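Have a look at the structure below before the remarks.
Each reported figure results from applying straightforward, stated rules to the coordinates on display, with no laboratory input. Since we're looking at a predicted model, the values are computed, not measured. Cβ sites come from the backbone with ideal geometry, for glycine too, and all protein chains shown count toward neighbours.
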Amino acid sequence: PYVQDPITFLHLDQLLPAEINSRRAQLRANLETNLAPFVAEWYEKAESPGILAEKFRSLGITGLSDEKYGCKKISLMEKSLILYELARIDCSLATFYVVMFSLTAHTIEELGTEEQKVKYLPKLCNLDMIGCWGLTEPDFGSDASALETTATPVKGGYVLNGVKRWIGNAILSDIMIIFARNITTNHVEGFIVNSKSNGVSVENIQRKLALRIVQNGNIFLKDVFVPANERLGKGHTFATGANEILEHSRMNIAWLAAGLIAGIYENSIKYIRERVQFRAPLASFQLNQEKLVRILAIYQAVFLMGWRVTNLLKQGKANVAQASLVKGWCTLVGREAAKLGRELMGGNGILIDNYVMKALVDMEVIYTYEGTYDICALIAGRAATGVTAFKPGY
Ligand code: FAD
């Protein structure tokens, strides 16, 4: 006997509600049949297949935190485990899900007016409509709260001008959540922009070496008119708007790290048990065992942190410092796990079918997006010390 699935080592599955855990097992089987066989080809071709929405729909994994607006209920823990299982197959698939449900639909659910919820949520949560979430700009990444896209109040609405960068799903999207600075209040606010509006154009970012199934784009907004009723109803400052959404979403990213590490462990253990060198399986060498055990230990810690912070969020007790600590640290140690897995497989570790190299480059992105490790550390550090380290350098 040996430990094939790292969740069983400390019996972490026993921390999950039984029903959710059994649906997770079913989802894993379905993903392995319906999506896993296609991932390598999609990744190599860097394409988001049109059938992805249909696949997600048929897997029954789309919905909102409550049964409302014609959407199925997917609890916070269940959503976390969906992300975990998707990332275990491929991190791009999980990222597509994050953009749709942790960012776009969640923003409208949390900050939208009743009219916006009725208009968009049924379509978004059934994936009949694709959305994207535009905060980052070419000159404002970590420093997102200083963004320069403007929203100028005019008769009947606002006119948006600016450029967004790196926006996931941009080219596929029907609607865009765009964060812009209201020139009257000087605050960053969110707007729902119809992607077909005059003045909106998208340029896909080509030649990415990671998260290749997700399409990321630059969005150009030139005198784009947005009707007043498409301004988000709540969250009219950076802290109460975009940042609130990131707090929730960062916790989800810890689950992406956990799913990736599960995949790294499973592929590595299989490989080192089968591969023979010096007339002995790689698994029998002490150095290899130590590396594998390090991946196993990292997995336990990441899963437990994700589980704890998800429960805190469910109880309404989570804050942005906790979310940042967990997101930042889980992706930091996730990088180490990915490198160890790659190492354990020697040269074969760089092949796409062996998972670990793809996991390594994808881990680099989740270490960076939604607040880099450094920014997450500074947010957690500010909470821990009571002193801010976000100081201007010039
Ligand atoms: P920079 O901010 O330029 O940072 C460069 C380096 O400097 C980093 O290591 C950073 O940690 C460090 N640094 C910066 N400031 C400080 C400081 N004060 N102290 C210490 N170190 C610092 N954005 C969206 O809005 N929507 C999306 O859908 C989206 N998807 C993405 C998908 C991908 C594949 C990628 C790569 C990015 C995506 N992003 C998205 C953008 C992402 O959130 C930013 O890339 C990220 O916040 C970092 O910004 P930056 O790349 O401009 O790096």
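Compared with the dominant Cα axis of the chain, that is its longest principal axis, helix 373-385 is turned about 80°. Here the spin labels are modelled as points 7 Å beyond Cα on the Cα-Cβ line, and at V3 and T33 they lie 3.0 nm apart.
Over segment 232-342, Cα pairs under 8 Å with separation of 6+ residues give a relative contact order of 40 percent.
Helix 286-314 and the long axis of the chain differ in direction by around 30°, with both axes built from C-alpha atoms.
Looking at the square roots a ≥ b ≥ c of the eigenvalues of the Cα gyration tensor of segment 203-358, which shape do they give, rounded for a/c under 1.5, prolate if a/b is larger than b/c, or oblate? It comes out oblate by the Cα gyration axes. Using the Cα gyration tensor of segment 1-76, with a ≥ b ≥ c the square roots of its eigenvalues, what is the shape: rounded (a/c below 1.5), prolate (a/b larger than b/c) or oblate (neither)? It comes out oblate by the Cα gyration axes.
Karplus-based coupling profile of segment 358-363, in residue order and whole Hz: 4, 4, 5, 6, 5, 4, with θ = phi - 60° in 6.51 cos²θ - 1.76 cosθ + 1.60 and x standing for Gly or Pro.
Report the Cα centroid-to-centroid distance between segment 123-182 and segment 249-283 in angstrom, as an integer. So the separation of the two Cα centres works out to 37 Å.
Shape class of segment 300-394 from the alpha-carbon gyration tensor: oblate, with a/c at 1.5 or above and b/c at least as large as a/b. Taking chymotrypsin sites (Phe, Trp or Tyr not before Pro) across segment 259-296, the ones in a DSSP loop with at most 11 further Cβ atoms lying within 10 angstrom of their Cβ are F278.
Helix 114-125 versus the longest principal axis of the chain: what angle, 0 to 90°, nearest 10, using Cα atoms? The answer is roughly 30 degrees.
How much length would be gained if the chain were fully extended between E343 and R294, taking 0.36 nm per residue of separation minus their Cα-Cα distance, in nm to one decimal? Don't skip to the answer; put the middle values down first.
On the way: separation 49, 0.36 × 49 = 17.64 nm, distance 1.25 nm.
Length gained between E343 and R294: 16.4 nm.
Antiparallel beta bridges, as assigned by DSSP with both residues in the chain, represent about 80 percent of the total such bridges. Here's how it looks for F238: its modeled amide H is under 5 Å from those of V188, which are all 5 or more places away or on a different chain.
Using the average count of surrounding beta-carbon atoms within 10 Å as a protection proxy, the listed peptides 365-375, 245-255 rank, highest first, as 245-255, 365-375.
Just so you know, the averaged projected area of the alpha carbon convex hull for the chain sits at 20.4 nm². Annotation: amide H of E137 within the under-5 Å range of R165, sequence separation 5 or more or interchain, hydrogens built in the peptide plane.
Note on H11 and N126: with the Förster distance fixed at 51 Å, the Cβ-Cβ geometry gives a FRET efficiency of about 0.90.
A simple spin-label model places the labels of A321 and K234 2.4 nm from each other, with each point 7 Å out along Cα-to-Cβ. Note on the chain: GNM, Cα springs under 10 Å; of L287, L121, L64, the largest mean-square fluctuation is that of L287.
Taking amide H as placed 1.01 Å from N in the peptide plane, I205 has its amide H under 5 Å from the amide H of N216, G217, N218, each at least 5 places away in sequence or on another chain. The HN-Hα couplings worked out from phi for segment 249-259 by the Karplus form 6.51 cos²θ - 1.76 cosθ + 1.60 (θ = phi - 60°) are 5, 4, 5, 5, 5, 4, 6, 5, 4, 4, x Hz, whole numbers, x standing for Gly and Pro.
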